[in-house]
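A.B. asks: Just dropping this structure here.
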């Protein structure tokens, strides 16, 4: 397996060169974190950097490496954090995004509810976290792929019956995969999860949480949060 490791240039570089730089970590997600310079969540961190005093850098690692770095205390922050993906004692910002999962299926075999998937082979992505009603559901046969793009290819080829994936990143993965004959029911989401920045529960982490919260609240109020997160959409999402 190829391990991804990208490091973004320092954000918020004003100030003393001796000042400590906080390290945040994330992982590749189609549309949201595409590489070290591209992705809606990467753009969001750049915008946040213009509102906070603390300097920070963002590393993009493979999903398991990112999680281990945060759990082992090697970095100060992790995103996108979910309720079941970070340590219970981690401090969290207010939500900045809602991860809405859908069932993607071949056009001639639609599925709209989780119960429709009982006994079916359903694709999930390795080391992603899903709500308990999905990942702990023993009535569904889950089959894991390295990423969402591979899952879309498997679905189109008939190797699996469906894929559960976040809507916008799933549509981006579908674009990249060039898979044909795949669709989803936009009116039938199967789960919603708040996404936030998670920080270590220490003085530095709590300080970062407060700074990020102030920035996010300001961005929500002036509309810049939605503007950043909606500035790019998969082609299929626009139609």
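A.B. asks: Which residues, taken from the stretch 12-45, are modelled with pLDDT under 50 and either closer than 24 Å to residue 209 by Cβ or not assigned by TED's automatic domain parsing to the domain that holds residue 86 (or both)?
C.D. replies: Going through the stretch 12-45, the residues modelled with pLDDT under 50 turn out to be 12-17.
Listed by number, the residues that qualify are 12, 13, 14, 15, 16.
A.B. asks: Check off (1) within 17 Å of the chain's Cα centre (by Cα); (2) surrounded by fewer than 23 Cβ atoms within 10 Å (Cβ to Cβ); (3) in a helix (DSSP H, G or I) for residue 127 and give me the number that stays unchecked.
C.D. replies: Every condition holds for residue 127 apart from (3).
A.B. asks: When only residues in the stretch 136-160 that are in contact (Cβ under 8 Å) with a residue 60 or more places away in the chain and in contact with a helix residue (DSSP H, G or I) (Cβ under 6 Å, 6 or more places away or on another chain) count, which is farthest from residue 122 (Cα to Cα)? Reasoning before the result, please.
C.D. replies: The initial filter retains those residues of the stretch 136-160 that are in contact (Cβ under 8 Å) with a residue 60 or more places away in the chain, namely 146-149.
This time we only want the ones that are in contact with a helix residue (DSSP H, G or I) (Cβ under 6 Å, 6 or more places away or on another chain), so: 148-149.
Working: 148: 12, 149: 14 Å.
Restricting to residues being in contact (Cβ under 8 Å) with a residue 60 or more places away in the chain and in contact with a helix residue (DSSP H, G or I) (Cβ under 6 Å, 6 or more places away or on another chain), the top hit is 149.
A.B. asks: Of all residues being without any contact (Cβ under 8 Å) to a residue 40 or more places away in the chain and outside any helix (DSSP H, G or I) in the stretch 47-86, which is farthest from the chain's Cα centre (by Cα)? Just the residue, please.
C.D. replies: 50
A.B. asks: Anything in the stretch 169-188 that is in contact with a strand residue (DSSP E or B) (Cβ under 8 Å, 6 or more places away or on another chain) and surrounded by 17 or more Cβ atoms within 10 Å (Cβ to Cβ)? List them, or say none.
C.D. replies: If we filter the stretch 169-188 for residues that are in contact with a strand residue (DSSP E or B) (Cβ under 8 Å, 6 or more places away or on another chain), which is where we start, we get 169-170, 173-174, 181-186, 188.
If the condition is that a residue be in contact with a strand residue (DSSP E or B) (Cβ under 8 Å, 6 or more places away or on another chain) and surrounded by 17 or more Cβ atoms within 10 Å (Cβ to Cβ), then 169, 170, 173, 174, 182, 184 are the ones that fit.
A.B. asks: Take residue 220 and decide whether it is surrounded by fewer than 20 Cβ atoms within 10 Å (Cβ to Cβ), modelled with pLDDT of 95 or more and within 19 Å of residue 32 (Cβ to Cβ). Walk me through how you get there before you give the answer.
C.D. replies: Values: surrounded by fewer than 20 Cβ atoms within 10 Å (Cβ to Cβ): yes; modelled with pLDDT of 95 or more: yes; within 19 Å of residue 32 (Cβ to Cβ): yes.
Yes, satisfied.
The values are calculated or read from the model by the stated rules, or taken from the named source; none is laboratory data. Just so it is clear, the structure is predicted and the values come from calculations on it, not from any experiment. When we count neighbours, we look across all protein chains shown, and the Cβ atoms used for this are built from the backbone with ideal geometry, even at glycine.
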